[in-house]
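The values are calculated or read from the model by the stated rules, or taken from the named source; none is laboratory data. Quick caveat: nothing in here was measured; it's all calculated off a predicted structure. In this analysis, Cβ positions are derived from the backbone assuming ideal geometry, glycine residues included, and neighbour counts consider all displayed protein chains. SASA here: full protein model, heavy atoms, side chains in, ligands and nucleic acids out. Shrake-Rupley method; radii C 1.70, N 1.55, O 1.52, S 1.80 Å.
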Amino acid sequence: MLGPKADQLTAALSEDEYVERAKRYLEEQGWTEPDMQEPEGSAMKLQAQGVQRDVAEIPEQQKSVSLEFKRAIVSRENNESIPVLGEGGKIDLQMNNDGTVFAAAKVWRELGDVVKMAEVKPYEQALDEAIRQMGGSQNYRLKDWKFGYIEASGNVAQEQLTAVYQFSFEPMEEKLALESP
């Protein structure tokens, strides 16, 4: 059952307590999945300042917590856990400070048997292709990258999961972010 409207006056719980309550909620809804990973989360915080307050003393309080449970697929070859990237293969929960759930969404496709194993291109080749696609690397440097299967959002038909590299680049200089988006 979804909880009451958000109440930021309620004291925040510990991270472990939010995770425990979220898992209990998923069990109650029948939403638990065998390939579900431990969640990642973040807290929404509010700041309020009166007219006479010093900027250095702006009070902050937690409004809510967001938890995301993602799918990972275990490789038959080496038993390694490969994450699922994209908008699918995840369960999102929004929780009030008291741990009640006020919003929940699940996009989790049924996966069938492996029909075909595809070779994965080497990291270096994928990185070179990404740099070419963005027109060169003279203005950007690699910030982060991930390898995983891509799963689309729930309103998109998808017959198979494809292995992908996701690269994240950042400008070498701040002014380049506007000049070379």
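Here are a few things to note about the model shown:
- Among the residues here, residue 23 qualifies as modelled with pLDDT of 85 or more, touching a Ser or Thr at 6+ places or on another chain (Cβ under 8 Å), charged (D, E, K, R) and open to solvent by 50 Å² or more (accessible area, probe 1.4 Å).
- Residue in the stretch 23-34 that is nearest to residue 73 (Cα to Cα), counting only those that are in a loop (DSSP other than H, G, I, E, B) and touching a residue at least 40 places away in the same chain (Cβ under 8 Å): 33
- Residue 93 meets each of the listed conditions (1) in a strand (DSSP E or B); (2) at pLDDT below 95 apart from (2).
- Residue in the stretch 113-123 that is over 24 Å from the mean Cα position of the chain (by Cα) and at pLDDT 90 or above present: yes
- For first residues located in the stretch 110-126 and in a helix (DSSP H, G or I), partners that are not β-branched (Val, Ile, Thr) and lie 6+ apart or on another chain with Cβ distances below 6 Å form the pairs 126/165.
- Some residue of the stretch 129-139 being farther than 23 Å from residue 88 by Cβ, touching a Pro at 6+ places or on another chain (Cβ under 9 Å) and open to solvent by less than 70 Å² (accessible area, probe 1.4 Å): yes
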